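See structure below.
The values are calculated or read from the model by the stated rules, or taken from the named source; none is laboratory data. Just so it is clear, the model here is predicted, and its values are computed rather than measured. Cβ coordinates were reconstructed from backbone atoms using ideal geometry, including for glycine residues, and neighbour counts include every protein chain displayed. Note: areas computed on protein heavy atoms with side chains; ligands, DNA, RNA excluded. Shrake-Rupley method; radii C 1.70, N 1.55, O 1.52, S 1.80 Å.
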Amino acid sequence: MTYAILRAEKAKSLAAIGSRAAHNLRANESAAPRADPNRRHLNKIVRGPKTVDGVVGLARQKLDAAPKFRKDAVLAVELVLGASPEFFTSRGKADLEAWARQTEAWVDETFGRDNVISMALHHDETSPHYQVLLVPIHDGKLRASHWFDGPAKLSALQTSYAKRLEALGVRRGEKGSAARHVDLKSFYKLARQ
């Protein structure tokens, strides 16, 4: 089975936005230590500034235009969007291009194109994937809760993304599955044991 992959992580400071932008833009070698430097030329900045300072500046500009918000508000959300590795190893170029088009369109339709401050397509890690940074503005206000408030909303996003990829043979993971996301640091720690 080929599954859709969607992960969301909140950023509550400009420094956190900058750190994620550094990774997504491959600003330096330490920003993406597990990426293959020999494949870095295959990556593509789809949207947004090409520098970390540019991404942070664009985030600041959008935040300055929003009405006053709480100190601990979610300033940005990073999405990782992809599919199971076998999708990328068993499909032709046309399917991969269709996945890219559908993913970009889904992001724009779901979160609003104007909210996206950075979108990068990475080919230098195990499987191709998008990393998207967005400032969650809804109805003119900074409102991450509109999309990301609790498990039900995240589950709905996963369902929506998988439905968008359905024609490509990509499906949603099983709801309530025992499978759980493990952060990379923990994964590598377990792998060394």
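Report the extension gain between Ala100 and Ser160 in nm, rounded to one decimal, defined as 0.36 nm multiplied by the number of residues separating them, less their alpha carbon distance. Each step should come with its number before you reach the end.
On the way: separation 60, 0.36 × 60 = 21.60 nm, distance 1.57 nm.
Result for the pair: 20.0 nm of gain on full extension.
Given a 1.4 angstrom probe, what's the average accessible area per residue across the chain, in square angstrom? Before the final figure, lay out the partial values.
Working: 10890 Å² over 193 residues.
Solvent-accessible surface per residue comes out at 56 Å².
Within the P(r) computed for region 1-98, what percentage of the Cα pairs occupies the region above 19 Å? Don't skip to the answer; put the middle values down first.
Numbers: 2624 of 4753 pairs.
Value for region 1-98: 55 percent of Cα pairs lie more than 19 Å apart.
Return the carbon/sulfur percentage of the accessible area of the chain, one whole number, probe 1.4 Å, all protein chains in place.
Details: 5740 of 10890 Å².
Looking at the chain in its full context, I get 53 percent from C and S.
Report, in deg cm²/dmol and to the nearest 500, the calculated mean residue ellipticity at 222 nm for the chain, where each DSSP H run with n ≥ 4 adds -39500 (n - 2.57) and the sum is divided by the residue count.
Numbers: 7 runs with 79 residues, N = 193.
Calculated mean residue ellipticity at 222 nm is -12500 deg cm²/dmol.
Could you run the Debye sum over the Cα atoms of region 116-160, one equal point scatterer each and no solvent, and tell me log10 of I(q)/I(0) at q = 0.17, 0.21 Å⁻¹, two decimals?
The Cα Debye sum returns log10 ratios of -0.66, -0.86.
So if R0 is 22 Å, what FRET efficiency would Ser30 and Lys10 give, r being the distance between their Cβ atoms, rounded to the nearest 0.05?
Working: r = 23 Å, r/R0 = 1.04.
Calculated value: 0.45.
At 0.36 nm per residue, and after removing the present C-alpha to C-alpha distance, how many nm does the segment from Ala65 to Ala167 gain when stretched out fully?
On the way: separation 102, 0.36 × 102 = 36.72 nm, distance 3.88 nm.
Residue separation times 0.36 nm, minus the Cα-Cα distance, leaves 32.8 nm.
Which of Arg20, Arg143, Arg70 ends up with the largest GNM mean-square fluctuation for the chain, with Cα atoms connected below 10 Å?
Arg70
Can you say what percent of the DSSP beta bridges in the chain, counting only those with both residues inside, are antiparallel? Round to 5.
Given both bridge residues lie in the chain, the antiparallel proportion sits at roughly 95 percent.
By average Cβ neighbour count within 10 Å, what is the ranking of 99-105, 44-50 from highest down? Write down the numbers at each step before the final one.
Numbers: 99-105: 17.4, 44-50: 15.6.
Those peptides, ordered most packed to least, come out 99-105, 44-50.
Using the reciprocal of the averaged 1/r over all distinct C-alpha pairs, how large is the Kirkwood radius of region 25-74 in Å? Intermediate values should be presented prior to the final figure.
Working: mean 1/r = 0.0749 Å⁻¹.
Kirkwood radius, region 25-74: 13.4 Å.
What is the percent of Cα-Cα separations in the chain that go past 27 Å? Before the final figure, lay out each step's value.
Values: 5482 of 18528 pairs.
Percentage above 27 Å: 30.
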